[in-house]
Each structure stands twice: as structure tokens, then as C-alpha cells.
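What follows is a set of notes on a single structure, which appears directly below.
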């Protein structure tokens, strides 16, 4: 009987080892599949990120172009306003010069009271 138990115990240990090896072997495949999936996920994530970056760059480019266009319009308007303001100041200076000339003329002909 002990010989039979001994064989049974050997078979049981060998069977358990066999199951352990099959499990480890299966885990190797699962581990490789998990790593492969992780690589695929990271590749997809990179592609998504690159697409997002392209969209962000295009959006930023449009915003900056609009800012430039707005500033150019403001500049053109300021140039036009400068010219009209300059003309108005020149007209005022001319009027002041005429007034000074008249005051000087009046001063020459009018008697001074002291």
C-alpha cells in the first residue's frame, strides 16, 4: 500500500508541476498580449495627441492672424486720424499766427497808454 501511495503522491506532484508550468506558460502569452496592447494604446494616444496639437496650432495661427489683421486695421485708422488731426492743428496754428499778426499790427498803429 505504501508503494501505491508513493506512486500516487509522485503522480500528484508531477501533475501539479505540469499544471504550474502550463499556467506559467499561459501567463507568458497573456503578458505579451498585455504589453502589445499597451504599445498599441500608446501609439493611438500619440496619434491622437499629434492630431490635437495640429488642431491647436491651427487654432492659434487663426487667432494670431486675426490679431494681426485687427492691429493693421487699427494702425491704418490711426494713420488716417493722424493726418486729419495734423491738418486740424496746422489750421489752428495758422489761425493763431494770423491773430498774432493782427495784434502786432494793431499794436503798431494804436497808441500805447502808459
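Just so you know, all these numbers are worked out from the coordinates, no wet-lab data involved. A quick note: this is a predicted structure, and the numbers were derived from the prediction, not measured. Neighbour counts are summed over all protein chains in view; Cβ atoms, including those assigned to glycine, are modelled from backbone coordinates with ideal geometry.
A few notes on this one:
- Just one of the listed residues (46, 32) is assigned to a helix (DSSP H, G or I), surrounded by 10 or more Cβ atoms within 10 Å (Cβ to Cβ), without any contact (Cβ under 8 Å) to a residue 60 or more places away in the chain and more than 33 Å from the chain's Cα centre (by Cα), and it is 32.
- Meets criteria (within 47 Å of the chain's Cα centre (by Cα) and surrounded by 10 or more Cβ atoms within 10 Å (Cβ to Cβ)) for residue 37: yes
- Within the option set 82, 92, 86, being in a helix (DSSP H, G or I) and within 39 Å of the chain's Cα centre (by Cα) holds for one residue only, 82.
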